[in-house]
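Everything on this sheet refers to the single structure shown next.
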Amino acid sequence: MTSAAPHVKAAPAADDPVASLRARFGDAIVTEQGTGEGFPVLWVTPEAWLRVHAHLRDTVPQPYTLLADLWGIDETARQHRGGQPASGVTLASHLISIERNSDIRLKCACDTDAPRAPTLTGVYPGADWYEREAWDMFGIRFDGRDSHRRILMPQDWQGHPLRKSHHARATEKDPFVMTRESFNATEAANQLDPEALGLPLQRDGVELMVLNFGPHHPSTHGVFRILLGLDGEEIVWAYPDIGYHHRGAEKMAERQTWHGFIPYTDRIDYLGGVISEMPYLLAVEQLCGIEVPARAQCIRVMLSEFFRITSHLLFYGTLAQDTGAMSPVFYMFVDRERAYKVIQAITGARMHPAFFRIGGVAMDLPAGWQGLVRDFLDWMPARLDDYERQAMNSELFRIRTQGVARYGVETCLKYSVTGPHLRAAGLAWDMRKLRPYSGYENYDFDVPTRTEGDCYARTWVRAQEMRESLKIIRQCLENMPTGPIKADHPLAFPPPRGNTLQDIETLIHHFSGTAYGTHVPVGEATGQVESARGFTQYSIISDGDGRSYRTRIRTPSFANLQPIAEVAPGMTVADFVIYLASIDHVMSDVDK
């Protein structure tokens, strides 16, 4: 089995991107930061920020076409920076070359009080929402942007929440009193004015209807609002408005212990269960130098695939329901219940088990688990065959989904879209295959792809992925290793309960870790996985104490919603409903 740390395959290209950047930009490449990440981390001057990204996107062989993430780091309270350039607020971007299967991270030092950098939207259009988030959370101003409208917080919010000087809890502020005047002021500040957003109110002399689609509408699949400009039933423009589900998960990570934050990860993608625990723990374990035992890795994989199935079943059934087919969703909820019975028997919980631990899992598999898993594996294939007849082969379903909201690989990469969207457009990009973690390289499974890139293709990909998940689970059942379920490492937490009853050192370790948090070594690390919705990444910074200094959560749903403004125009409202269902977004995964 592999170690818990994620491994990136070496780039097949002969050229070295770091050498290329140094040769082209000279002193604008300030330094290369040593992180042990497995990919280069370069500091770039603000003046070269845009040009360096353009070079990596357009000039180097096998270019870095995917802007996976962009975020800020408040450095003002950090004690251990390891020779990094002076910086008040750091802007970081994470780029991926699909052809190389390799990453590079760029950082830019900004001023403490008035951080600013050039916008990347001209190079990576998908940077739009990420830059709005960096402005909202850190106050980073991007030169060249038309607007710095907040994206997650209310428009009248005071301050930037992820700055270290900003309060984390309401109890740190004076008591809040709402008056009629303050309520009206907040309502006025958060209205969407199409004209102020640069959206037309007429087309060919015909006045458009402006429609609020959501935030409370069953077809938005969560608390999500899209402002639509309509000419009859035709959508002329669409403006997505997110943030209604924002809970400040990244701020919470700074207040919780490393171990105590695990339950919060379940609630980022609340349909993904333990899948969201995996990248966080991969990053923590990488910093700690922990090798996860083979049995624990296998248990992690098996449970992750169970949750992939339950998530896809909910998507499958509700999308079919949106097309007018009522039966599938009721049958699929029966199957989800069967899966949750297995999950509950193993973890003690259903949707949010918080079952993974630093160094392994919470407990060993219970007696009789094999029979429960085998019964589910024997049950599901025939049910998936039924669903193909009920949905995929239905003339109604095909009419409502084929050719609807069609977009290709270029659009996906343009807006940082990953997961089933990318595979439905023809690119077999799956982290479980390309960068195996938790022993995925030991499993035989395929990566389903289509080329149409429409709602039907996205549904087909997920339907086939459930069959592949069943194959993986069966291999876990038949080849489950023996041995420990948690690493024998001083930073694995919590320590085995039996040991706390036998020796005082383990009891002290348990007490101090519970009270003050496990002290994770100083450094930066990244965990990457393929969730049910796409590429999920946790980038963490430890300052050497019992909690995270910075936890950046890259969620696929956030990026997967970005193409709406480009894809929706020309569609009818009825087709737009199907398009939204095919995205399979989770709003807590969008807003964090």
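Figures for the structure shown
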{"item": "Conditions (1) of a type in the set (Gly, Ala, Ser); (2) modelled with pLDDT of 95 or more; (3) over 30 Å from Leu227 (Cα atoms): number failed by Ala559", "result": "(3)"}
{"item": "Scan of region 565-576 for residues that are surrounded by fewer than 21 Cβ atoms within 10 Å (Cβ to Cβ) and part of a helix (DSSP H, G or I), ordered by number", "result": "Ala565, Glu566, Val567, Val573, Ala574, Asp575"}
{"item": "Among (1) surrounded by 18 or more Cβ atoms within 10 Å (Cβ to Cβ); (2) among the acidic types (Asp, Glu); (3) outside the structural domain of Val292 (by TED's automatic domain parsing) - the single one Glu530 does not satisfy", "result": "(3)"}
{"item": "Which listed residue, of Arg132, Arg163, is closer than 15 Å to Gln562 by Cα, out of contact with any Ser or Thr (no Cβ under 6 Å at 6 or more places or on another chain) and not polar (S, T, N, Q)", "result": "Arg132"}
{"item": "Considering residues of region 493-509 that are surrounded by 17 or more Cβ atoms within 10 Å (Cβ to Cβ) and under 19 Å from Asp364 (Cβ atoms) only, the residue nearest to the chain's Cα centre (by Cα)", "result": "Phe493"}
{"item": "Output for region 536-552, where each listed residue is of a type in the set (Ser, Thr, Tyr), part of a strand (DSSP E or B) and closer than 16 Å to Glu75 by Cα", "result": "Ser539, Ser542, Thr551"}
{"item": "Residue in region 542-551 that is among the aromatic types (Phe, Trp, Tyr), under 16 Å from the mean Cα position of the chain (by Cα) and either modelled with pLDDT under 95 or surrounded by 21 or more Cβ atoms within 10 Å (Cβ to Cβ) (or both) present", "result": "no"}
{"item": "Residue within region 236-248 that is surrounded by fewer than 17 Cβ atoms within 10 Å (Cβ to Cβ), within 17 Å of Arg150 (Cα to Cα) and at pLDDT 90 or above present", "result": "yes"}
{"item": "Only listed residue being assigned to a helix (DSSP H, G or I), free of Cβ contacts under 8 Å to residues at least 40 places away in the same chain and surrounded by fewer than 20 Cβ atoms within 10 Å (Cβ to Cβ), chosen from Ala54, Ala23, Ala114", "result": "Ala23"}
{"item": "Residue within region 428-443 that is within 23 Å of Gln475 (Cα to Cα), without any contact (Cβ under 8 Å) to a residue 24 or more places away in the chain and not in a loop (DSSP other than H, G, I, E, B) present", "result": "yes"}
{"item": "Considering residues of region 196-218 that are in contact (Cβ under 8 Å) with a residue 12 or more places away in the chain and assigned to a loop (DSSP other than H, G, I, E, B) only, the residue nearest to Asp231 (Cα to Cα)", "result": "Leu208"}
{"item": "Hey, Gly517 touching a Lys or Arg at 6+ places or on another chain (Cβ under 6 Å) and surrounded by fewer than 23 Cβ atoms within 10 Å (Cβ to Cβ) or not", "result": "yes"}
{"item": "Gly82 surrounded by fewer than 18 Cβ atoms within 10 Å (Cβ to Cβ), assigned to a loop (DSSP other than H, G, I, E, B) and touching a helix residue (DSSP H, G or I) at 6+ places or on another chain (Cβ under 8 Å)", "result": "no"}
{"item": "Single condition His585 does not satisfy, out of (1) at positive phi; (2) crowded, with 20+ Cβ neighbours inside 10 Å", "result": "(1)"}
{"item": "Any hit, region 300-311, residues being small (Gly, Ala, Ser), buried (at least 24 other Cβ atoms within 10 Å of the Cβ) and under 30 Å from Gly523 (Cα atoms)", "result": "yes"}
{"item": "Pairs where the first residue, in region 278-292, is within 15 Å of Thr257 (Cα to Cα) and the second is in a helix (DSSP H, G or I), C-beta under 8 Å, 6+ apart", "result": "Tyr280/Ile262; Tyr280/Thr265; Leu281/Ile262"}
{"item": "Residue, farthest from the chain's Cα centre (by Cα), within region 122-149, restricted to residues that are in a loop (DSSP other than H, G, I, E, B), crowded, with 19+ Cβ neighbours inside 10 Å and of a type outside the set (A, V, I, L, M)", "result": "Gly139"}
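The values are calculated or read from the model by the stated rules, or taken from the named source; none is laboratory data. What you see is a predicted model; the values in this text were computed from it and never measured. Here the Cβ is made from the backbone with ideal geometry for all residues, glycine too, and neighbour counts use every protein chain on show.
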